[in-house]
Amino acid sequence: MAKHRFDVACAKPAPWKNGAGSTREIACWPPGAGFDTFDWRVSIASIASSGPFSTFAGVDRIITLLDGDGVRLQGPGIDHPLDTALQPFAFNGELPIDCALLGGESSDFNVMSRRGRVRADLCVLRGAAELAVAPAGLLLAVHGQWRADGETLASWQGLWWSGEDHAWSLRGTEAGAALLAVAWHPAEAGAAV
């Protein structure tokens with residue numbers, strides 16, 4: 001199994017073209033893939049001002065507020081206040097979405113999955129849990145320290161894996177602990193993750 005640890009603080013922010021924020025890429029598959037060729041991608045974005053989201057044809061997205069006042073997402077069939085931390089919201093990447101700040105700067109966790117190749121399941125864990133087998137996934141400790149099998153993850157540290165089915169036994173070691181767990185599964189027979 002290819003397993004990779006990461007620390008969010010070590011991920012370099014890249015400014016958005018429109019200047020409304022920046023993004024720290026955490027992981028993508030295959031490694032080094034561009035926006036048109038990734039199967040899945042995870043990033044953390046800082047949103048500094050209101051404006052449109054980039055569109056991603058053929059991509060399913062899940063966005064989760066990490067901190068800040070949040071944003072209102074509006075587009076065809078969508079009028080959603082993303083104003084409560086750690087409550088994921090899924091939407092279609094093709095949709096033209098406008099994002100309006102609800103106060104000051106916010107940060108969010110973004111999961112993108114290439115439709116027809118993979119599908120993502122994202123859950124927020126607040127206590128001990130057994131994560132089902134998945135061929136690829138990502139764990140991010142948001143609050144507190146976590147034990148993931150033999151690994152210890154402090155806040156804003158995580159790991160991702162690919163290439164081999166793996167299940168995890170997860171346990172937060174203090175009150176208020178929270179962890180984001182993403183699992184990717186093939187959308188159809190033969191898809192690699």
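The values are calculated or read from the model by the stated rules, or taken from the named source; none is laboratory data. Note that the structure is a prediction, hence the values are computed from the model and not measured. Backbone-built Cβ (ideal geometry, glycine too); neighbour counts: all protein chains shown. When the accessible area is computed, the model is the full protein with side chains, heavy atoms only, and any ligands, DNA or RNA have been set aside. Shrake-Rupley method; radii C 1.70, N 1.55, O 1.52, S 1.80 Å.
For the structure I just gave you, tell me whether residue 85 is closer than 19 Å to residue 139 by Cβ, assigned to a loop (DSSP other than H, G, I, E, B) and in contact with an Asp or Glu (Cβ under 8 Å, 6 or more places away or on another chain). Criteria met by residue 85.
Candidates 48, 57: the one that is open to solvent by 20 Å² or more (accessible area, probe 1.4 Å), more than 21 Å from residue 159 (Cα to Cα) and in contact (Cβ under 8 Å) with a residue 40 or more places away in the chain is 48. Residue 175 passes every criterion in (1) hydrophobic (A, V, I, L, M, F, W, C); (2) outside any strand (DSSP E or B); (3) open to solvent by less than 50 Å² (accessible area, probe 1.4 Å) apart from (3). From the set of residues in region 25-53 that are assigned to a loop (DSSP other than H, G, I, E, B) and hydroxyl-bearing (Ser, Thr, Tyr), which is nearest to residue 9 (Cα to Cα)? Filtering region 25-53 for residues that are assigned to a loop (DSSP other than H, G, I, E, B) and hydroxyl-bearing (Ser, Thr, Tyr), the one nearest to residue 9 (Cα to Cα) comes out as 49. Residues in region 66-105 that are of a type in the set (Gly, Ala, Ser) and surrounded by 15 or more Cβ atoms within 10 Å (Cβ to Cβ): 68, 70, 75, 85, 93.
Yes or no: region 105-117 includes at least one residue that is farther than 24 Å from residue 140 by Cα and in a strand (DSSP E or B).
no
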